[in-house]
Structure formats: structure tokens, C-alpha cells
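The values are calculated or read from the model by the stated rules, or taken from the named source; none is laboratory data. Just so you know, these numbers come straight off a predicted model, no measurement behind them. Here Cβ is always computed from backbone atoms with ideal geometry, including for glycine, and neighbour counts include all displayed protein chains.
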Amino acid sequence: MGLWESVAGLPAGIANSFFSSFSNLLAAFIQPLLDVAKLLLTANIDPFHFQNFWQIIVAIISSFYLLVFLVVGFKFLFGCYDAVQRKDAKEWFKKAVLLVICVNASLLLYSLLLSVSSAVALTIWNNQFEAVFSVSNLTALDFVWLSVFALFLFSAVVTLVARQIMLIVGVMLFPIGLFLYFLPPVKEYGSAILNLIGAVSFMNVLDVVILAAVSLFWNEFAYIQVMGLLAPSIGFLFISLANGALAFFAIQKALNAVGIKVDLASTAASLIGPALAAGV
């Protein structure tokens with residue numbers, strides 16, 4: 001090879017070296033994320049690790065027990081000669097007793113809820129899913145494909161981490177939701193909180209169902225060479241979209257349940273539309 005050929009080949013060599021370096025960085029970035037994603041999909045937090053925060057919330061709620069039972073007592077006192085008011089007072093008393101029991105057992109109930117969520121997810125989990133989290137020879141893959149995969153994987157991990165944070169917040173919100181749910185005047189607020197916690201708790205089940213669909217898709221088209229990276233990319237993209245959509249509509253439903261009529265889809269469209277137009 002002459003001097004001119006060597007000089008002419010420098011830009012291509014530099015470009016190849018540049019992309020090779022970035023591919024190695026992406027590969028080093030992806031593998032830990034795959035491990036984190038698998039862990040977050042198959043495990044929930046242990047609520048008892050946050051028992052101190054729960055105790056503070058329950059102590060605050062307990063200060064309202066006397067007020068609730070005073071209301072019940074006054075209802076019995078002033079409604080003793082009225083069958084309708086007496087029935088209403090009995091209903092308040094029953095809910096007040098259930099309120100005390102459920103709030104004080106809320107940490108155990110929340111733990112059982114998360115245990116059911118984990119059990120359902122692990123029941124659906126299949127050993128074939130392991131292939132999604134063990135993409136072979138990352139450094140040898142095309143840089144563009146690797147970048148797309150890293151982006152989709154990162155977005156999925158962000159939603160999974162956000163779910164874990166919400167589960168931690170749920171340790172404190174769950175007793176509040178139960179307290180409000182058993183008080184007729186504010187039942188809608190309690191129901192909204194409990195529905196939101198329920199949606200977040202079972203989000204991982206939806207994610208595992210998506211992995212099952214991706215696994216079937218992968219097996220069906222296994223003869224396609226790029227399927228080893230395309231299938232996991234699609235899976236993590238759908239996981240991030242499904243988690244975002246579930247949280248999106250759960251929040252909107254919670255807001256609507258308490259009388260705040262908000263169409264988050266229209267609001268998001270009105271904000272994103274002008275931004276895209278300005279960018280163009």
C-alpha cells in the first residue's frame with residue numbers, strides 16, 4: 001500500500017475507531033441496565049423496610065379517630081328517634097371500626113398486595129425471557145442498532161425505577177387512602193388513591209405479559225438475523241410506552257374521581273404540538 005492510499009484511508013480508520021469506541025461504551029452501559037431491568041421486573045420493594053415512615057402517617061391518622069367516633073356518637077344521639085338517621089349512624093359506626101382495623105393493618109395489607117403482584121409476574125415469567133436480557137456480543141453489533149436498543153432500554157428502566165419510587169411513596173399513601181375511603185364524605189379521594197396504588201402495584205404484571213408476547217414474536221421469526229436485537233428493542237419500547245400510558249391514565253382517572261376534570265391527553269397534545277411546530 002502506497003503513501004497516498006494510507007493517507008486516504010485515514011478518515012475511514014478514524015471513523016471506524018470512533019464508532020468502535022462508542023460501541024464499547026454503549027455495551028458497557030447496556031449490560032448493567034439489562035440486569036437492573038430484570039431485577040425491577042421480577043421484584044417489588046419490601047414495605048417493612050419503610051415501616052418508620054408508615055408509623056408516622058398512622059400516628060397522624062390515629063389522632064382523627066376520636067373525631068370520627070364523636071361524629072358517630074352524635075349521629076346516634078340525634079338520630080335515635082329517626083329510623084333513617086339511626087341506620088346511617090350504624091353504617092358510620094361499622095365503617096369507623098373497619099377504618100381503624102384497616103389503617104392499622106395497612107402495612108401488612110400493602111405487603112400482601114405487592115406479594116400477589118410479584119407472584120403473578122413470576123407465574124407468567126418463562127425461562128425463555130432470559131434471552132431478552134442476555135444480548136450476545138454487544139460490542140460486535142451495529143452502532144445505530146445498539147444506540148436504538150440502549151435508548152429503548154434506558155426509557156424502560158426509567159419507568160421501572162419510577163414505579164419503585166411510587167411503591168415506596170405508596171407505603172405512606174396506602175393508609176391515607178384507606179382512611180379516606182371509609183369516610184363517606186371523602187370516599188372518592190380514598191378510592192382515587194387506592195386505584196392509583198393498585199395500577200402501580202400491578203404494572204410489572206403488564207410488563208411481563210409484554211415480554212411473553214415478545215418472546216413468541218422472537219420464536220416465530222428466529223430465522224431473521226437481526227431478530228436477536230430487534231425483539232428485545234421492541235420489548236423494552238413497549239414496556240416503556242405501556243408503563244407511561246398506565247401511569248398517565250391512572251393519574252387522569254384519579255383526578256377525575258375527585259372532581260378535577262382534566263384530559264391529560266389533550267393537554268399533552270396542546271403542549272407538544274406547538275413545541276414540535278416551533279422546532280420545525
- prompt: If we scan region 210-220, do we find a residue that is of a type in the set (Phe, Trp, Tyr), under 18 Å from Tyr110 (Cβ atoms) and buried (at least 16 other Cβ atoms within 10 Å of the Cβ)?
  reply: no
statement: In region 163-206, anything of a type in the set (D, E, K, R) and at pLDDT 90 or above is listed as Arg163
- prompt: Restricting to helices (runs of 4 or more DSSP H) lying wholly in region 1-69: which have 2 or more residues that are under 26 Å from Val161 (Cα atoms), in contact with a Leu (Cβ under 8 Å, 6 or more places away or on another chain) and at pLDDT below 85?
  reply: 10-42
- prompt: Is there a residue being within 25 Å of Asp207 (Cα to Cα), at pLDDT 90 or above, in a helix (DSSP H, G or I) and among the aromatic types (Phe, Trp, Tyr) anywhere in region 100-111?
  reply: yes
query: Pairs, please: C-beta under 6 Å, at least 6 apart or cross-chain, first residue modelled with pLDDT under 90 and in region 145-161, second among the β-branched types (Val, Ile, Thr)?
result: Ala150/Ile30
task: Tally the residues that are touching a residue at least 24 places away in the same chain (Cβ under 8 Å) and surrounded by fewer than 17 Cβ atoms within 10 Å (Cβ to Cβ), restricting the search to region 174-188.
output: 2
